[in-house]
Amino acid sequence: MNWQFTKMQGCGNDYIYFNCMERPFPSPEKHAAAISDRHFGIGGDGIILIQPSEKADAYMRMFNADASEGRMCGNAIRCVAKYLYDNNIVKKTEMFIETLSGVKKLGLTLDTSGKVSAARVDMGKYELAPERIPAILPGKDIIARSVRAGDMDYNITCVSMGNPHAVIFMDNISDLDLKITGPLFEKHPIFPEGVNTEFVRVADENTLEMRVWERGSGETLACGTGACASAVAAILNGFCPAESDIQVNLAGGPLTIRVLEDKTVFMTGDCVKVFDGVIELV
């Protein structure tokens, strides 16, 4: 069975996108890992299925590189909007896309050729209650809470952006071996569903530098919900002001995050088509 695909990336967070508006994609749990393999497949952080929705312009279903299903990806949803607009499926610069974390509103920016070059996403409101992360710790929130992972203690701030995040602020993130440190948090017993972990350096009150270990994918070049969670955590810890643009610099490029007083988070970033192709599913 042949399927056309488009590979796209937002800040280097790359996925393989399949148009499923007219036919369902067969057994994504079976195919996601093989397609995402960077040596024996197309290569990417996972696959994205663009499906019909009864409550929005389209439905984004995502599977990580290990074939686990994710709830939301801020970088991927921008690319879904670009795919829908550039392929004349949804010809609107204000678009609504359904995810497992709810319906997200996007505002699109067009380049001089009329193609989508960037998008601003209303990511919804962040949540701090441990049961909403979920994280098995007492209290009404987890802000700068000391947790032992491996043989070290870390101060973590936990934020849900529809998926779980643990943000750790430190001075030196470039020398971290995330292949060792990342799994300590992803598989930590306090996170029953795993967690995405952001390691963040505060450059100034409007600039953060971030590395991320994503559950199910390992270290990636960017994580949109992780950038949002990091900006929220920076505000909660007193490093950055609310109601201002915070630039989060990731390995794949910058994202601009704005956190409102009512807890709503907006994210702006690029969305880039890499190439089209056809794959035979066996």
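The values are calculated or read from the model by the stated rules, or taken from the named source; none is laboratory data. Everything numeric here is computed off the predicted structure, so don't read it as measured data. When we count neighbours, we look across all protein chains shown, and the Cβ atoms used for this are built from the backbone with ideal geometry, even at glycine.
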Per the list (1) at pLDDT below 95; (2) touching a helix residue (DSSP H, G or I) at 6+ places or on another chain (Cβ under 8 Å); (3) farther than 26 Å from ALA129 by Cα, residue check on ASP175 breaks on (2)
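Condition first: touching a residue at least 60 places away in the same chain (Cβ under 8 Å) and crowded, with 24+ Cβ neighbours inside 10 Å. Now tell me which residues in the stretch 221-239 satisfy that.
Step one: of the stretch 221-239, the residues touching a residue at least 60 places away in the same chain (Cβ under 8 Å) are 221-230, 232-234, 236-237, 239.
Within the stretch 221-239, ALA222, CYS223, GLY224, THR225, GLY226, ALA227, CYS228, ALA229, SER230, VAL232, ALA233, ALA234 meet the criteria.
Scan the stretch 237-254 and tell me whether some residue there is touching a Phe, Trp or Tyr at 6+ places or on another chain (Cβ under 8 Å), among the β-branched types (Val, Ile, Thr) and at pLDDT 95 or above.
Keep residues of the stretch 237-254 that are touching a Phe, Trp or Tyr at 6+ places or on another chain (Cβ under 8 Å), which gives 237, 239.
Okay, now just the ones that are also among the β-branched types (Val, Ile, Thr), so none.
Checked against the condition, which is being touching a Phe, Trp or Tyr at 6+ places or on another chain (Cβ under 8 Å), among the β-branched types (Val, Ile, Thr) and at pLDDT 95 or above, the stretch 237-254 yields no hits at all.
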Somewhere in the stretch 185-192, is a residue touching an Asp or Glu at 6+ places or on another chain (Cβ under 9 Å) and among the basic types (Lys, Arg)? no
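Within the stretch 76-96, track down each residue that is under 25 Å from VAL248 (Cα atoms), surrounded by fewer than 17 Cβ atoms within 10 Å (Cβ to Cβ) and not hydroxyl-bearing (Ser, Thr, Tyr). Outline the logic, then answer.
Pass one, the stretch 76-96, residues under 25 Å from VAL248 (Cα atoms): 76-83, 93-96.
From the residues that got through so far, the ones that are surrounded by fewer than 17 Cβ atoms within 10 Å (Cβ to Cβ) too are 93-94.
GLU94, the sole residue that qualifies.
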Those residues of the stretch 1-56 which are touching a Pro at 6+ places or on another chain (Cβ under 8 Å), in a loop (DSSP other than H, G, I, E, B) and within 12 Å of CYS79 (Cα to Cα), in sequence order: CYS11
Filter the stretch 115-153 for residues that are touching a residue at least 60 places away in the same chain (Cβ under 8 Å) and hydroxyl-bearing (Ser, Thr, Tyr); which is farthest from ILE190 (Cα to Cα)? SER117
Run ARG148 past the list (1) part of a loop (DSSP other than H, G, I, E, B); (2) closer than 20 Å to VAL200 by Cα and report the number of the one that doesn't hold. (1)
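Would you check if there is a residue in the stretch 58-75 being surrounded by fewer than 16 Cβ atoms within 10 Å (Cβ to Cβ) and within 21 Å of GLY269 (Cα to Cα)?
Filtering the stretch 58-75 for residues surrounded by fewer than 16 Cβ atoms within 10 Å (Cβ to Cβ) gives 66, 69.
After this cut, where a residue has to be within 21 Å of GLY269 (Cα to Cα) as well, the list is none.
No, the stretch 58-75 contains no residue that is surrounded by fewer than 16 Cβ atoms within 10 Å (Cβ to Cβ) and within 21 Å of GLY269 (Cα to Cα).
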Take LYS30 and decide whether it is basic (Lys, Arg) and at pLDDT 95 or above. no
Specify which of the listed residues (SER174, SER117) is small (Gly, Ala, Ser) and either over 21 Å from LEU221 (Cβ atoms) or in a strand (DSSP E or B) (or both). SER117
Has the stretch 91-101 got at least one residue that is small (Gly, Ala, Ser), touching a Leu at 6+ places or on another chain (Cβ under 8 Å) and not in a helix (DSSP H, G or I)? no
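Tell me, which residue of the stretch 259-276 that is among the charged types (D, E, K, R) and within 17 Å of LEU221 (Cβ to Cβ) is surrounded by the most Cβ atoms within 10 Å (Cβ to Cβ)? Break it down into steps so the answer makes sense when it comes.
First, the residues of the stretch 259-276 that are among the charged types (D, E, K, R): 261-263, 270, 273, 276.
Okay, now just the ones that are also within 17 Å of LEU221 (Cβ to Cβ), so 270, 273.
Details: ASP270: 21, LYS273: 16.
Selected residue: ASP270.
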Report every pair of residues separated by at least 6 positions or lying on different chains whose Cβ atoms are under 7 Å apart, first residue within the stretch 261-282 and in the same structural domain as ASP14 (by TED's automatic domain parsing) and under 21 Å from ALA32 (Cα atoms), second of a type in the set (Ser, Thr, Tyr) and assigned to a strand (DSSP E or B). LYS273/THR6; ASP276/THR6
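If I ask for residues that are closer than 23 Å to GLU186 by Cβ and polar (S, T, N, Q), which ones from the stretch 86-114 would you list? Talk me through it step by step, then tell me what you get.
From the stretch 86-114, those closer than 23 Å to GLU186 by Cβ are 99-101; that's our starting set.
Of everything in the stretch 86-114, those that are closer than 23 Å to GLU186 by Cβ and polar (S, T, N, Q) turn out to be THR99, SER101.
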